[in-house]
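Presented below is the structure to which this report refers.
What follows draws every value from the coordinates through simple rules; no lab data is involved. Model, not experiment: these values are computed from the prediction. Cβ sites come from the backbone with ideal geometry, for glycine too, and all protein chains shown count toward neighbours.
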Amino acid sequence: MLPVFDIKVQREELDFYQPILCDCCHKYGRYEAYVEYSILRFIGIPCFPVKKRFYAVSTCCNNLYLIKNREKALMIERQQGHNVFLFEKDLELIVENYPCTDL
Ligand SMILES: [Zn+2]
């Protein structure tokens, strides 16, 4: 039997490509972006999204960032990513796969 209410997390790749010279690994790479929705479901039927978060991943060292700048994130979602440039202040490092310190 299905639970009456549950939350389903859904991930969607966004059309975003920003070349970077990475501050962490000092290599050339790019940021790619995706959005993650938490959707409230009633007996398995999606009702409405309860949470929506935007993430960027660096392809060079696979660091995962939360995109804190909501305005830029929404522009990427509206396929205006070519007008968006993410700066360090727009991002919050969540998962670090490469030590992000100067050795
Ligand atoms: Zn890197």
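Residues are listed down the side, and each one gets a yes or a no for (1) in contact with a helix residue (DSSP H, G or I) (Cβ under 9 Å, 6 or more places away or on another chain); (2) part of a loop (DSSP other than H, G, I, E, B); (3) aliphatic (A, V, I, L, M); (4) more than 13 Å from the ligand (Cβ to nearest atom):
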{"position": "VAL9", "(1), (2), (3), (4)": "no, no, yes, yes"}
{"position": "PHE16", "(1), (2), (3), (4)": "yes, no, no, yes"}
{"position": "PRO19", "(1), (2), (3), (4)": "no, no, no, no"}
{"position": "HIS26", "(1), (2), (3), (4)": "no, yes, no, no"}
{"position": "TYR31", "(1), (2), (3), (4)": "no, no, no, no"}
{"position": "VAL35", "(1), (2), (3), (4)": "yes, no, yes, yes"}
{"position": "TYR65", "(1), (2), (3), (4)": "yes, no, no, no"}
{"position": "ALA73", "(1), (2), (3), (4)": "yes, no, yes, yes"}
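Here's a check for you: in the stretch 53-62, which residue that is of a type outside the set (Val, Ile, Thr) and under 11 Å from the mean Cα position of the chain (by Cα) is surrounded by the most Cβ atoms within 10 Å (Cβ to Cβ)? Quick ask: steps written out before the conclusion?
Taking the stretch 53-62 and keeping what is of a type outside the set (Val, Ile, Thr), we get 53-56, 58, 60-62.
Checking which are under 11 Å from the mean Cα position of the chain (by Cα) leaves us with 53-56, 58.
Working: ARG53: 14, PHE54: 21, TYR55: 21, ALA56: 26, SER58: 24.
Here the answer is ALA56.
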